[in-house]
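Asker: Sharing a structure below in structure tokens format, with a few things to ask.
The values are calculated or read from the model by the stated rules, or taken from the named source; none is laboratory data. Just so you know, these numbers come straight off a predicted model, no measurement behind them. Cβ coordinates were reconstructed from backbone atoms using ideal geometry, including for glycine residues, and neighbour counts include every protein chain displayed.
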Amino acid sequence: MRWQQGRRSENVEDRRGQRRAGAGIRLGGGLGGIVILLLAFVLLGPEQAMNLLQQNGGGGVAVGPAPAETAPNPQEDQLVDFVRVVLGTTEDVWHDQFRRMGREYRDPKLVIFRDAVESACGTANSAVGPFYCPGDETLYIDLSFYDELKNRFHAPGDFAQAYVIAHEVGHHVQNLLGATDYVHSMKGRVSEVEYNQYSVRLELQADFYAGVWAHHADRAQQILESGDVEEALGAASAIGDDRLQKQARGYVTPDSFTHGTSAQRARWFKLGLQTGDIEQGDTFNATSL
């Protein structure tokens, strides 16, 4: 991905120098606990996963300085620079798209943290992976997720990393356009299985919006290099419900899907990338996903 010459967003807050003492999730230390909660976030959805976080030790604890071993390092700082550029490209694309719709786009914030973070949606451990909180219109990411994406999910590459940010920005777009409130309004009014289906359509639309971003960012700035599209499709496929459930327990339960299958996620991202037309991303009325 060609990103080095891009505009850096001013809406990134770096909280890596802070940590919440005692905010660890009591599911066992190390990679095992991270994987369990990451799978919970993907399989259950952000709302249920955040509840799990609260139930397993995510109480309010004062923020203090990070120990020396958690201090930012130059190698990670380059990744922070990358994140700023990617967010900047999403701002450019979505301001333009909203103008075309006769609407005004509000830039989201993006918080980079380490270990745990406070948000308007509650206390989050890094194990839940990147997430968007509509309550404060902010994206949150612990950069260690990118190691998980590469090493555990076998989805390496800078454009795979950019896709993750663009997907979360897609949730911000949904929040501004009312799709998020629409889905949340269904909770308690429909069965759990039906609500999961709404959640799947919400997530697939965010994948579509990530594709729309890639389409217009490339047209404006020629960001795509050979292999980039395959990286994004690989990342979308790697975190499909069917693949994650198969890896975690050896079988799949479609009624519990909240994000869509690998094929569905890749398909909707690709549709957004090919068309760049936000009008073609109505997953809620699509007869086939």
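Here is a yes/no grid of residues against (1) outside any loop (DSSP other than H, G, I, E, B); (2) touching a strand residue (DSSP E or B) at 6+ places or on another chain (Cβ under 6 Å); (3) under 20 Å from GLY178 (Cβ atoms); (4) of a type outside the set (Val, Ile, Thr):
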position	(1), (2), (3), (4)
GLU76	yes, no, no, yes
LEU79	yes, no, no, yes
ARG84	yes, yes, no, yes
THR89	yes, no, no, no
GLU104	no, no, yes, yes
ALA127	yes, no, no, yes
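Asker: Given the criterion small (Gly, Ala, Ser) and at pLDDT 95 or above, identify the matching residue among GLY60, GLY64, GLY170.
Answerer: The conditions single out GLY170.
Asker: From the list ALA266, ALA232, ALA217, which residue is closer than 18 Å to VAL93 by Cβ, of a type in the set (A, V, I, L, M), within 17 Å of the chain's Cα centre (by Cα) and crowded, with 20+ Cβ neighbours inside 10 Å? Explain how you work it out, then say what you get.
Answerer: Details: ALA266 fails: closer than 18 Å to VAL93 by Cβ; ALA217 fails: within 17 Å of the chain's Cα centre (by Cα).
One residue alone meets the criteria, ALA232.
Asker: Oh, and also: Need the failing condition index for MET101 against (1) over 14 Å from VAL12 (Cα atoms); (2) surrounded by 18 or more Cβ atoms within 10 Å (Cβ to Cβ); (3) aliphatic (A, V, I, L, M); (4) modelled with pLDDT of 95 or more, just the number.
Answerer: With (1) over 14 Å from VAL12 (Cα atoms); (2) surrounded by 18 or more Cβ atoms within 10 Å (Cβ to Cβ); (3) aliphatic (A, V, I, L, M); (4) modelled with pLDDT of 95 or more applied to MET101, the lone miss is (2).
Asker: Quick check: is even one residue across segment 248-258 over 24 Å from VAL93 (Cα atoms) and buried (at least 20 other Cβ atoms within 10 Å of the Cβ)? Before the answer, list the steps.
Answerer: Step one: of segment 248-258, the residues over 24 Å from VAL93 (Cα atoms) are 248-258.
Keeping just the survivors that are buried (at least 20 other Cβ atoms within 10 Å of the Cβ) gives 257-258.
Yes: segment 248-258 contains one or more residues that are over 24 Å from VAL93 (Cα atoms) and buried (at least 20 other Cβ atoms within 10 Å of the Cβ).
Asker: Could I ask something else about it? Looking at (1) closer than 18 Å to ARG100 by Cα; (2) in contact (Cβ under 8 Å) with a residue 60 or more places away in the chain, which is the one condition that is false for ASP207?
Answerer: Result: ASP207 passes all but (1).
Asker: Hey, another quick one. Exactly one condition in (1) surrounded by 21 or more Cβ atoms within 10 Å (Cβ to Cβ); (2) within 29 Å of MET101 (Cβ to Cβ) is not met by ASP241; state its number.
Answerer: For ASP241, the failing item is (2).
Asker: Looking only at residues in segment 235-289 that are aromatic (Phe, Trp, Tyr) and part of a helix (DSSP H, G or I), which one is farthest from PRO130 (Cα to Cα)?
Answerer: To start, the set of residues in segment 235-289 that are aromatic (Phe, Trp, Tyr) comprises 251, 257, 268-269, 284.
Filter again for part of a helix (DSSP H, G or I), leaving 268-269.
On the way: TRP268: 20, PHE269: 18 Å.
Applying the filter and picking the extreme gives TRP268.
Asker: Do we have any residue at all in segment 177-187 that's buried (at least 20 other Cβ atoms within 10 Å of the Cβ), farther than 22 Å from TYR209 by Cβ and touching a residue at least 40 places away in the same chain (Cβ under 8 Å)?
Answerer: no
Asker: Using the structure shown, decide if TYR209 is crowded, with 24+ Cβ neighbours inside 10 Å and among the hydroxyl-bearing types (Ser, Thr, Tyr).
Answerer: For TYR209, the condition - crowded, with 24+ Cβ neighbours inside 10 Å and among the hydroxyl-bearing types (Ser, Thr, Tyr) - is met.
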